[in-house]
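Bear in mind these aren't lab numbers, they're just calculated from the coordinates by the rules spelled out. Owing to the predicted nature of the structure, the values given are computational and were not obtained by experimental measurement. Methodologically, a virtual Cβ is constructed for each residue, glycine included, from the backbone with ideal geometry; neighbour enumeration extends over all protein chains shown.
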Amino acid sequence: MSTRGSSRPNRQWRRPEIEEHIKSHSPLTAAFIGAGAAVAFGLVATFTFVMGAWLIASPGNESVHQVASASGIAWLGLQLVPVAIGTQVIGLLPWGFIVLPIYLLWRSTHWSLKSADPQSVREYWLVAACLSGAYALLNALVAVVASSTGLSADPIIAAVTGFLLALAVTVACVVTYAPSRSVLLEPLPQSVRDGIKPGFASFMFLVVAGAALCSASMIMHFSELSAVTKIMAPQSYDAFFLLLLGIGYMPTATVWSMSYAAGPGVALGGSSVVSIYHVHAGTLPAFPLLSVLPNAAPSWAKFLILLPVGAGILLYLMLPREHWQASGNTFAASLISIFRQRELVALVSALIVAAGCVMTVTLASSGSLGSQLLKFIGPQPLAVTGAVTAIFGVTVCALLLVPRFILAVAHSWQHRSAPAQPGGN
């Protein structure tokens, strides 16, 4: 096995292509300008949409100032900041619309890097950190200015959520200026890196399976969806806005289906649950997202556990496996060599990546929609993450270790010692 030398070449990061119309600024100034541009364009976009919806839907006594305030809260809602309507907190938001702030942050980060023209790796990360901090402060300011008695958002939550979102986007953007995609991964051991791609791929397989299951559920419950649509959208323009809302909630419905297949299902309030084993939902309000929930647990639903098992099989196939053969003349000697440290480390790395992804999407797909049964609705993040991690781990271990165990038993049987002769030395 070849070993890598202790000294590594000093990599030079790809420099941003400086454009003449972009003025040069310090990293701090460029980051604040980029964050301000992202928030400003986001507010303009949401104000335009909210104003258009207000004008189309027969405006009442609301003033333009109130519409502008609602636009600010809507902009925060796009970033999954919980919105309080009176005393009711809406935490389950259509996170499909998060693509807008992500796009604006991505473009703003690229502009900031071109303006700052970083000369070192430290300056790249300085731009990312400053832009994330400035974005968080501006989000908190929007929450303070736009909040009112009837519609509000918590400034601290707005700042934390904005910082985490901006940090994720800016880090991904900075990595695009690295000499290779693995520039941040090279310091990690090879066995750890071997598990990153398989872990993410198995998670994406589970998401695709959830999307397919969600589509099948929508077809099966088409009559319920049509009835809810007619109740909530009697006019054509109402149906249009309801369609947009449905598009925004599609990622949420996909994660719900993924959680349903994994076993824990979807929690409704504190005691009700919809899972592959039993359904106890109670009376739910007319809402398109809730219409895809099954009314009962069919006998075949338990076989949906094969979907996460299939993702675990994919994980097993993608993980690097060393050639193994039984050794020694005893079963104990063969059993000791059944575990390979590199394979175990790669598996743990893959499980951590998959668990982190599952935890992130389940957190985004659960929250409050009101009170009683709707005080918390969606998958329980810890339960779903634990179930998926356990299924992946058991599946990979079974496929990896059971054949080796059988071979070890066969090998020890073939090389069993002859019985000792009486009186022999």
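Structure values in brief
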| item | result |
| --- | --- |
| Stretchable slack from SER26 to ILE219, in nm (0.36 nm times residue separation minus alpha-carbon distance) | 64.0 nm |
| Spatial separation of Cα centroids for segment 384-400 and segment 238-270, in angstrom | 25 Å |
| Cα-centred dipole magnitude for segment 27-187, charges only on beta-carbon of K, R (+1) and D, E (-1), debye, nearest 20 | 200 debye |
| Over segment 27-187 - Rg/Rh using Cα atoms and the Kirkwood inverse-distance radius | 1.04 |
| Cα lying deepest toward the dipole's positive end in segment 27-187, options ALA70, THR48, THR29, charges on Cβ | THR29 |
| Cβ-Cβ FRET estimate between ILE85 and ALA383, R0 fixed at 22 Å, reported to 0.05 | 0.20 |
| Nearby lysines by direct alpha-carbon distance to LYS114 (threshold 17 angstrom, same-chain neighbours under 8 apart not counted) | LYS23 |
| Highest average packing first - 349-356, 262-269, Cβ atoms within 10 Å | 262-269, 349-356 |
| Inter-label distance for PHE49 and TRP106, nm, one decimal - labels placed 7 Å from Cα along Cα-to-Cβ | 1.7 nm |
| Peptide ranges 30-43, 295-308, 97-110 listed from the most packed, as the mean C-beta count within 10 angstrom indicates | 30-43, 97-110, 295-308 |
| Candidate lysines - alpha carbon under 28 Å from LYS230, same-chain residues fewer than 8 apart omitted | LYS375 |
| Relative packing of 194-202, 251-259, 169-177, which averages over residues the other C-beta atoms within 10 Å, highest first | 251-259, 194-202, 169-177 |
| Full-stretch length increase - ARG342, CYS397 - with 0.36 nm per residue and alpha-carbon distance subtracted | 18.4 nm |
| Other-chain or far-sequence residues with amide H under 5 Å of ILE90's (modelled H) | VAL83, ALA84, ILE85 |
| Computed lengthening from ILE406 to LEU243, 0.36 nm per intervening residue step minus Cα-Cα distance | 53.1 nm |
| Average Cα contact separation per residue, segment 27-187, under 8 Å, 6 or more apart, as relative contact order % | 32 percent |
| Segment 388-404 - phi-based ³J(HN,Hα) in whole Hz, Karplus 6.51/-1.76/1.60, Gly and Pro as x | 5, 4, 5, 5, 4, x, 5, 4, 5, 5, 5, 5, 8, 9, 4, x, 5 |
